[in-house]
Ligand code: A2P
């Protein structure tokens, strides 16, 4: 695996920066993925719920055909959507992802959310009334199927996303193939220091979505108490960027990598894709003081609260089991 990477608990390596693709404009995404691979990215994050696995896969196949990259150099992540969180639906869902990407076994497959929907849900967007609550038993039934998909050679590594420590602890105790990754929202306003330390102790790598504070996030990620000054516009981040001759985005990504997490910045703008890759260039680093200053911006501010998944009478906070509220 070329470039800087982190070792997962199963001995596999994951490049320490990945391209996020959620809400990537479909007309721009193909070229964005190609631009990323040309810039040096080897890690691409998608999900069946993003409905873009086909575009991402076609772009990666093109890069391979053109000789820009070899399959073994790429690390592709996708995710099982909550409507497929039923044991009989898992193998067909995995095959659908594998076929859509068209790049052979998927390097990392995550359970996207710890909850699920009824077995025969309405069409997307599925009404929230059809959401079922979390149970560890339901997660385990799905996990056994995912383990079988690894045994069958369709998937390489398994992980989760949006799991609290409580939920992940139960899964770690019962899994035959332990989850190697938990993908969480991470940025300077939501540092999750204790949560990340817990994952380190348990051998689970934390990958971070919204590493730039998701400036163009959708309404479901916007709240009346969102601060006006976000991670990218923070004078502290800007000051550190100026000192190093880097951009604020590059500081945020370097900070994420230096603290041992794997950021997944989304961009469909080639110049920003390249800029972001330069953020993790090993030829520069943040000082201990810089790291502390950026971490000091933490207010525990979550953008993705999951409130849009809460049924009537449910508190969104319950989803996170007390992990940073
Ligand atoms: P775009 O895709 O139009 O380039 P996050 O990964 O935190 O969710 O942030 C993604 C958002 O940040 C997207 O709107 C993306 O816009 C924007 N973005 C990506 N890279 C940069 C950058 N280097 N500077 C400013 N904004 C960026």
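The values are calculated or read from the model by the stated rules, or taken from the named source; none is laboratory data. Every value quoted in this text rests on a predicted model; they were computed, and no experiment measured them. Neighbour counts are summed over all protein chains in view; Cβ atoms, including those assigned to glycine, are modelled from backbone coordinates with ideal geometry.
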- Looking only at the range 79-102, decide whether some residue is more than 24 Å from residue 180 (Cα to Cα) and assigned to a helix (DSSP H, G or I). no
- Task: Considering every residue within the range 267-288, establish whether at least one is at pLDDT 95 or above, buried (at least 16 other Cβ atoms within 10 Å of the Cβ), within 16 Å of the ligand (Cβ to nearest atom) and within 28 Å of residue 127 (Cβ to Cβ).
- Result: no
- Item | From the options 226, 230, residue that is assigned to a loop (DSSP other than H, G, I, E, B), within 11 Å of the ligand (Cβ to nearest atom) and in contact (Cβ under 8 Å) with a residue 40 or more places away in the chain | 230
- Scan 150, 126 and give me the residue that is in a helix (DSSP H, G or I) and either surrounded by 14 or more Cβ atoms within 10 Å (Cβ to Cβ) or in contact with a helix residue (DSSP H, G or I) (Cβ under 7 Å, 6 or more places away or on another chain) (or both). 150
- For the range 233-254, how many residues are in a helix (DSSP H, G or I) and either within 13 Å of the ligand (Cβ to nearest atom) or under 20 Å from residue 21 (Cα atoms) (or both)? 10
- Note on the structure: Filtering the range 162-198 down to residues that are under 23 Å from residue 106 (Cβ atoms), in contact with a strand residue (DSSP E or B) (Cβ under 6 Å, 6 or more places away or on another chain) and surrounded by fewer than 22 Cβ atoms within 10 Å (Cβ to Cβ) yields 177
- Message: It is to be established whether one or more residues within the range 94-110 are crowded, with 20+ Cβ neighbours inside 10 Å, touching a strand residue (DSSP E or B) at 6+ places or on another chain (Cβ under 8 Å) and without any contact (Cβ under 8 Å) to a residue 40 or more places away in the chain.
- Response: no
- Item | Yes/no for residue 195 being in a strand (DSSP E or B) and under 17 Å from the mean Cα position of the chain (by Cα) | no
- Item | Yes/no for residue 66 being touching a strand residue (DSSP E or B) at 6+ places or on another chain (Cβ under 9 Å) and within 27 Å of residue 269 (Cβ to Cβ) | no
- Do you know which of the residues in the range 179-192 that are closer than 21 Å to residue 254 by Cβ and assigned to a loop (DSSP other than H, G, I, E, B) is nearest to the ligand (Cβ to nearest atom)? 186
- Query: Counting only residues that are in a loop (DSSP other than H, G, I, E, B) and more than 8 Å from the ligand (Cβ to nearest atom), how many does the range 255-266 have?
  - Reply: 3
- Message: Among the residues of the range 18-37, are any more than 16 Å from the ligand (Cβ to nearest atom) and either closer than 21 Å to residue 149 by Cα or touching a helix residue (DSSP H, G or I) at 6+ places or on another chain (Cβ under 9 Å) (or both)?
- Response: yes
- Item | Of all residues in the range 201-222 being touching a helix residue (DSSP H, G or I) at 6+ places or on another chain (Cβ under 7 Å) and more than 24 Å from residue 76 (Cβ to Cβ), the one that is nearest to the ligand (Cβ to nearest atom) | 220
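Kindly check whether there is at least one residue in the range 203-221 that is under 14 Å from the mean Cα position of the chain (by Cα) and under 20 Å from residue 144 (Cα atoms). Outline the logic, then answer.
Step one: of the range 203-221, the residues under 14 Å from the mean Cα position of the chain (by Cα) are 204-214.
This time we only want the ones that are under 20 Å from residue 144 (Cα atoms), so: 204.
There is at least one residue in the range 203-221 that is under 14 Å from the mean Cα position of the chain (by Cα) and under 20 Å from residue 144 (Cα atoms).
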- Taking the condition in a helix (DSSP H, G or I), at pLDDT 95 or above and either within 21 Å of residue 184 (Cβ to Cβ) or touching a strand residue (DSSP E or B) at 6+ places or on another chain (Cβ under 7 Å) (or both), does residue 6 pass? no
